[in-house]
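Each remark here refers to the structure printed beneath this line.
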Amino acid sequence: LPVMNRRFFSPAPLQVGPLQLTGTEAHHLLHVLRAAPGDEIILFDGAGGEFSACIESTARKTVACQILQERSVNRELPAELVLGAALPKGERQRWLVEKATELGVTRLVPVETSRSTQQRVKQQRTNTPHDRLQRTVIESCKQCGRNQLMDISPTTSLDVFLRAAPAASHRWMAHPQGATSAHAKVTPAVDLPTWLLVGPEGGFPEHETTQAKTEGWQTIDLGPRILRVETAAIALTSLATLPTG
C-alpha cells in the first residue's frame with residue numbers, strides 16, 4: 001500500500017498481538033485499497049500510540065491483523081491548544097474541524113454567543129451531526145499523522161468558556177475593532193496553554209468584548225478584510241501554531 005494510505009484507526013485500545021479490523025476502516029482496506037495478506041499498515045487508537053501491523057487474512061467485512069510493535073511518535077503541540085468558535089453551518093463546519101485537527105488543536109469548543117443564540121433554530125437544521133464531525137477528526141488524523149484525536153466538546157456559553165481558560169494561559173480573541181495587530185502579539189506559544197476564540201458572523205457585540213477583556217483576554221485584529229468564521233478560526237490558529245522563522 002502507498003505510504004499515505006497506510007494509517008488506520010482502531011476505536012479499541014491497541015497493544016501488540018492480534019486485532020480484527022471491522023467497519024469503515026476494514027471496508028476501506030478491502031474495497032478501496034484492495035489490501036491483501038502480507039501488506040504492512042500503521043494503526044492508531046487516538047490516545048497517542050502508533051503501531052506497526054501486518055495483515056494476516058481478509059474476509060468480506062473484516063481484516064485480521066497482527067500488531068507487531070508500538071512506535072514512539074509524538075506529533076502533538078508542546079502545550080494544550082483550545083479553540084472556541086461559534087461554528088458555521090454545514091460543510092463549512094466540517095471544513096473547520098478538518099483544518100483545526102491538522103493544525104494540532106487539542107480541543108474544539110462550540111461556543112454560543114448572544115448573536116449565535118438568535119441563529120440557533122436555523123443552525124440546528126444545517127449543523128453537521130457530532131458523529132460525522134468525529135469521523136472528520138479521524139480522517140484528518142489519518143491524513144496528517146496525528147495519533148491523538150482532537151476532542152469536540154459539547155456546546156458551551158460564551159461566559160463559561162471565557163472563565164474556563166486558566167489564568168496561566170495565552171488567551172486571544174479575534175475581534176477587529178480597537179484590537180492589537182496579530183503580528184504584534186500572536187506568536188507560536190510553546191510555554192503555556194493557548195486558548196483562542198472566534199465569534200459568529202457579525203462578530204462580538206461590545207458587551208461581550210468588554211467581558212472578555214475583563215476576564216484577561218486579548219483582542220486580536222486579523223486584518224482589514226471581513227473573514228468568515230472558519231477562515232478567522234484557522235487564521236488565528238495558524239498564527240498561534242506555525243513557526244515564524
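The values are calculated or read from the model by the stated rules, or taken from the named source; none is laboratory data. Here the structure is a predicted model, which is why all the values come from computation and not from measurement. Ideal geometry is used to build each Cβ from the backbone, glycine not excepted, and the neighbour counts take in all protein chains shown. Heads up: the accessible areas ignore ligands, DNA and RNA and are worked out on the full protein's heavy atoms, side chains in. Shrake-Rupley method; radii C 1.70, N 1.55, O 1.52, S 1.80 Å.
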Legend entry - helices (runs of 4 or more DSSP H) wholly inside region 87-139 containing at least 3 residues that are at pLDDT 80 or above: 90-102
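So if I check each of Ala86, Ala59, Ala53, Ala165, which one is small (Gly, Ala, Ser), without any contact (Cβ under 8 Å) to a residue 40 or more places away in the chain and crowded, with 21+ Cβ neighbours inside 10 Å? Talk me through it step by step, then tell me what you get.
Numbers: Ala86 fails: without any contact (Cβ under 8 Å) to a residue 40 or more places away in the chain; Ala59 fails: crowded, with 21+ Cβ neighbours inside 10 Å; Ala165 fails: without any contact (Cβ under 8 Å) to a residue 40 or more places away in the chain.
Selected residue: Ala53, the only one of Ala86, Ala59, Ala53, Ala165 that is small (Gly, Ala, Ser), without any contact (Cβ under 8 Å) to a residue 40 or more places away in the chain and crowded, with 21+ Cβ neighbours inside 10 Å.
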Legend entry - Test: residue in region 220-227 that is out of contact with any helix residue (DSSP H, G or I) (no Cβ under 7 Å at 6 or more places or on another chain), modelled with pLDDT of 90 or more and buried (at least 18 other Cβ atoms within 10 Å of the Cβ): no
Inset, instruction - Output yes when any residue across region 48-69 is of a type in the set (Lys, Arg) and assigned to a loop (DSSP other than H, G, I, E, B), and no when none is. - result: yes
Inset, instruction - Please name all residue pairs, on different chains or six or more residues apart, with Cβ atoms under 6 Å, provided the first residue is in region 228-245 and is within 17 Å of Leu77 (Cβ to Cβ) and the second residue is at pLDDT below 90 and assigned to a helix (DSSP H, G or I). - result: Leu239/Ala182
Inset, instruction - Please work out which residue is most open to solvent (accessible area, probe 1.4 Å), limiting yourself to region 31-46 and to residues that are in contact with a Leu (Cβ under 8 Å, 6 or more places away or on another chain) and part of a strand (DSSP E or B). - result: Glu40
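Among what's in region 193-219 and is surrounded by fewer than 18 Cβ atoms within 10 Å (Cβ to Cβ) and within 21 Å of the chain's Cα centre (by Cα), pick the residue that is nearest to Val109 (Cα to Cα).
Pro193
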